[in-house]
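The values are calculated or read from the model by the stated rules, or taken from the named source; none is laboratory data. Quick caveat, the model's predicted, so the values are computed rather than measured. As a convention, Cβ positions derive from the backbone with ideal geometry for all residues, glycine included, and neighbour counts pool all protein chains shown.
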Amino acid sequence: MDDRVRIEVDARGIADVCMVRGDKMNALDAAMFEALAAAIDQLKADPQVRVVVLHGQGRAFCAGLDTGRFDKMSTGQPGAMRDLLARSHGRSNSAQYLGMGWRELAVPVIAAVHGVAFGGGLQLALGADIRLVTAEARLSVLEIKWGLVPDMAGIALMRGLLRDDVVRELTFSGRIVGGAEAVALGLATRVCADPLAEAFVLAAEIVGRSPDALRQAKQLLNRALDEDTASLLLAESQAQTEVMGSANQTEAVRASLQKRAPSFAIGRPR
């Protein structure tokens, strides 16, 4: 896990969780998926943790799915497809757990976002309770570029943050938004010159509050948003299973990698 995610918990109970694949903009390869899931499990099991700060090393928070996986999708190589319908983590599959897992932690989670948070990287940030971003940050529900739907709990997480029509516009278009617009839309909490420093300031304030009240407050807030989330997460996986590996999805990947306009077949995806 240490070559993908580093965790340090200080004496106050503030957990510093850093994605350390900075040379690849913290892109989500198989090892990063496993490391993030292991990090969530470790934090859940540690009673000393009072608040979590999640961030990325280097130039970006997280650039989304590693392009190597898209190469495999475009050529049908083994390992490109996952069993999305298996509920491996309660109501979530293994990918959705990277979004929902932060929401399910009993303690507050603050994401400090700089550079880009694209696709899965954005869904990872959406799992946090609070998202602090730079003005220059770029965020996108980018899955449509690759002929896919958000499948890391993105729809379930966005429905409590953004208006329905805004979720639809961003999901249908893959449009990239900056930090200030992200705040205005509801994707981010506020703009900061230094989100990581500000996240630790906020974390220090939070650990000064009653841990019992914080846990109960988060539980209540989650209940307000989680009505029938299990059914929505399964529907998300079913939708992704329908499009993943189809002719049009493969064409979307090839066109994106080859930097050309796609040529889609009109009709059903399979």
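Surrounded by 14 or more Cβ atoms within 10 Å (Cβ to Cβ) and within 17 Å of the chain's Cα centre (by Cα): does that describe R215? Steps first, answer last, please.
Numbers: surrounded by 14 or more Cβ atoms within 10 Å (Cβ to Cβ): yes; within 17 Å of the chain's Cα centre (by Cα): no.
No: the conditions fail for R215.
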Subset of segment 93-118 [at pLDDT below 95 and more than 26 Å from G13 (Cβ to Cβ)]: N93, S94, A95, Q96
Subset of segment 165-183 (residues that are surrounded by 18 or more Cβ atoms within 10 Å (Cβ to Cβ) and over 14 Å from I155 (Cα atoms)): V177, G179, A182, V183
Can you find a residue in segment 245-257 that is within 24 Å of G154 (Cα to Cα) and in a loop (DSSP other than H, G, I, E, B)? yes
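Tell me the residue from G58, G76 that is of a type outside the set (V, I, T), on the phi > 0 side of the Ramachandran plot and modelled with pLDDT of 95 or more, please.
Working: G76 fails: modelled with pLDDT of 95 or more.
Just a single option satisfies the conditions, and that option is G58.
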When you scan segment 172-194, do you find a residue that is under 19 Å from the mean Cα position of the chain (by Cα), among the acidic types (D, E) and within 21 Å of M100 (Cβ to Cβ), even just one? no
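From the list T189, T229, T250, T241, exactly one residue is free of Cβ contacts under 8 Å to residues at least 60 places away in the same chain and either among the polar types (S, T, N, Q) or within 27 Å of Q48 (Cβ to Cβ) (or both). Which is it? Before the answer, list the steps.
Details: T229 fails: free of Cβ contacts under 8 Å to residues at least 60 places away in the same chain; T250 fails: free of Cβ contacts under 8 Å to residues at least 60 places away in the same chain; T241 fails: free of Cβ contacts under 8 Å to residues at least 60 places away in the same chain.
Testing whether each residue is free of Cβ contacts under 8 Å to residues at least 60 places away in the same chain and either among the polar types (S, T, N, Q) or within 27 Å of Q48 (Cβ to Cβ) (or both) leaves just T189.
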Set M19, M1, M25: member being aliphatic (A, V, I, L, M) and at pLDDT below 95: M1
Kindly establish whether V113 is in contact (Cβ under 8 Å) with a residue 24 or more places away in the chain and touching a Pro at 6+ places or on another chain (Cβ under 8 Å). yes
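Restricting to segment 197-244, count the residues that are assigned to a loop (DSSP other than H, G, I, E, B), at pLDDT 85 or above and not aliphatic (A, V, I, L, M).
Of all residues in segment 197-244, those assigned to a loop (DSSP other than H, G, I, E, B) come to 207-210, 226-228, 244.
Filter once more, so that each one left must be at pLDDT 85 or above: 207-210.
So of that shortlist, the ones also not aliphatic (A, V, I, L, M) come out as 208-210.
Adding up the residues that qualify gives 3.
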Could you give me the residue pairs with C-beta distances under 6 Å whose first residue belongs to segment 1-14 and is touching a residue at least 40 places away in the same chain (Cβ under 8 Å), whose second residue is surrounded by fewer than 13 Cβ atoms within 10 Å (Cβ to Cβ) and of a type outside the set (D, E) wherever it lies, and which are 6+ apart or on separate chains? G13/Q48
Just one listed residue, out of L225, L232, is under 20 Å from the mean Cα position of the chain (by Cα), closer than 14 Å to G154 by Cα and loosely packed, with under 14 Cβ neighbours inside 10 Å, and it is L225
